[in-house]
Amino acid sequence: MQLQKLAIFGAGGFGREVKMLIDHINANERKFECLGFFDDDTDLPKEINGLPFLGGLDALNQVSTPLGVVISVGDPRLKMNLVQKIHNPYLSFPNLIHPTALIGEQVQLGQGIILCAGVVVTVNIQIGNHVVLNLNSTIGHDCKLGDFSALMPAVNVSGGVTIGEGVYLGTGVQINNNLNIGPFATIGSGAVVTKDIPGNCTAVGMPAKPIKFH
C-alpha cells in the first residue's frame, strides 16, 4: 500500500501533538509518510521532534508533487486566513482521526478535520472543513459544527447544538441541548452554556454570558 505523503503547517505545541497523532494512526494502520513541518517562524530549529523544518508558506505553495497538509493552528481566524493563502493545486487537506475516536452513524465530515484521542462523535452530525476536536471532546446527536470551529480538550456538546463558523470553545466548556453558538464566538474555559450565544463575542462563566464583542 502506498503511503500518503503528509506535512504539518504549524510547529508550535499543537503541531507537535498532531505529529504524535499521526504516529498513533500509523502504529494502528500505516497510512502516512510525514515529511516534516512548515511554519512562517524563521527562527525554528532545523529539526522538530524528529522531523525536518521545511520552510514557510511560500515554500509550501511551491511544492510540485501531491502533498497532504495538516493545518495545526488553534486560532480559527488565523487558520482561516492561512488556508485562504494556500493556492497550490498539488496540496490537499486529509482528515486525521485517532484510532480511539468513536464515530457513529450518519456523520458527515468535511476536509482538514482533526479528531484527537478519546473524541466521541455520536449520530446524525455534520462537521465542516478544518474543524478541530481536541482530546476527549464529545459531540451529541444532530449537531452541526461550522468550518474552522475549534474545540479544546474535554468540551462536551449536547444534542441538537449548532456551532457557527470559526467558533472557539475553551477547555472543559459544556453546552446544553438545542442551542446556537454564533459565528466567531469565543467561549472561555470551563463555561457552561445554557442559552444561545451571539456571534463575534467572548462569553465566560456559569452560565456563560457575553462580556465583550469583537
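The values are calculated or read from the model by the stated rules, or taken from the named source; none is laboratory data. None of the values given here were measured: they were computed from a predicted structure. Quick reminder, even Gly has a Cβ in these numbers, built from the backbone with ideal geometry, and neighbours come from all protein chains shown. Calculation scope for accessible area: heavy atoms of the full protein, side chains included, ligands and nucleic acids excluded. Shrake-Rupley method; radii C 1.70, N 1.55, O 1.52, S 1.80 Å.
Below are the figures for this structure:
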| item | result |
| --- | --- |
| Test: residue in the stretch 186-199 that is touching a residue at least 60 places away in the same chain (Cβ under 8 Å) and under 16 Å from the mean Cα position of the chain (by Cα) | no |
| Residue in the stretch 82-102 that is surrounded by 13 or more Cβ atoms within 10 Å (Cβ to Cβ), small (Gly, Ala, Ser) and under 21 Å from Asn28 (Cβ atoms) present | yes |
| Scope the stretch 191-214; condition open to solvent by less than 30 Å² (accessible area, probe 1.4 Å) and in contact with a Leu (Cβ under 8 Å, 6 or more places away or on another chain); matching residues | Val193, Ile197 |
| Filtered residues of the stretch 58-69 (kept if open to solvent by 20 Å² or more (accessible area, probe 1.4 Å) and aliphatic (A, V, I, L, M)) | Ala59, Val63 |
| Residue within the stretch 120-128 that is surrounded by 23 or more Cβ atoms within 10 Å (Cβ to Cβ) and within 11 Å of the chain's Cα centre (by Cα) present | yes |
| Checklist (1) in contact with a Leu (Cβ under 9 Å, 6 or more places away or on another chain); (2) surrounded by 17 or more Cβ atoms within 10 Å (Cβ to Cβ) applied to Ser72, failing item | (1) |
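Residues checked against (1) in a helix (DSSP H, G or I); (2) within 22 Å of Tyr168 (Cβ to Cβ); (3) without any contact (Cβ under 8 Å) to a residue 24 or more places away in the chain:
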site	(1), (2), (3)
Leu6	no, no, no
Ala11	no, yes, no
Glu17	yes, yes, no
Ile22	yes, no, no
Gly36	no, no, no
Val73	no, yes, no
Arg77	yes, yes, no
Leu82	yes, yes, no
Gln111	no, yes, yes
